[in-house]
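Just so it is clear, none of the values below were taken in a lab; they were calculated from the coordinates. None of these values were measured; they are calculated from a predicted model. FYI the Cβ positions are ideal-geometry reconstructions off the backbone, even for glycines, and counts take in every protein chain you see.
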Amino acid sequence: MIGMKSKNVGIGMVLGGCLIMCISCSRSPFVSKGNREADGMAQKYWDQRVTKCGDHWIERMGFTWFEIKDFSYVVNASNLTDTDRLNGYEWEGNTEMRAKAWRMYNMGGWQAWMSGAPSLQMSPQGMAIYEKNGEWGYGVLLFPNSKPISDPSKLIHNSRVPCERAPR
């Protein structure tokens, strides 16, 4: 009986080790450098777009302000096609805003809180990110030979604003 327990423990340890190896091996090679770079691009984008003010975040689009609770973002990788690769794309995806709740300040006052992140009609929820011919960029290339836009401040009409300027 004692030999049986130690044999079961040994088999369990081997199976557990195999499971860990399988999980780490099952990750796509896509998860490596490309996703780290894309996450860095996403961080730059959101740092330019929203400002942390205490327990909430603010964003301004023109004359409209947004207050966002529990802001976060995700980075989504797209599957590249053979045509994408032939055209020089090495990574393609987007970043999207996530939030618990948000509200808008417009026409003299704060509106009611809404669930989730602001809708696309109110405020763009994300941005395309890509790597093409070794250069990272934002948005969509309208022309095949366009140079990638790598500075988010050139894309965003609502540059980051100080907390003191937000309506109370």
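Tabulated data
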{"read-out": "Sequence-distant aspartates and glutamates (8 or more away, or on other chains) whose Cα lies within less than 19 Å of Lys69", "value": "Asp47, Asp55, Glu59, Glu96, Glu164"}
{"read-out": "Cleavage-rule hits, trypsin sites (Lys or Arg not before Pro), segment 45-131, DSSP coil, Cβ neighbours within 10 Å at most 14", "value": "Lys100"}
{"read-out": "Residues whose placed amide H lies under 5 Å from that of Cys53, excluding near-sequence neighbours", "value": "Ile58"}
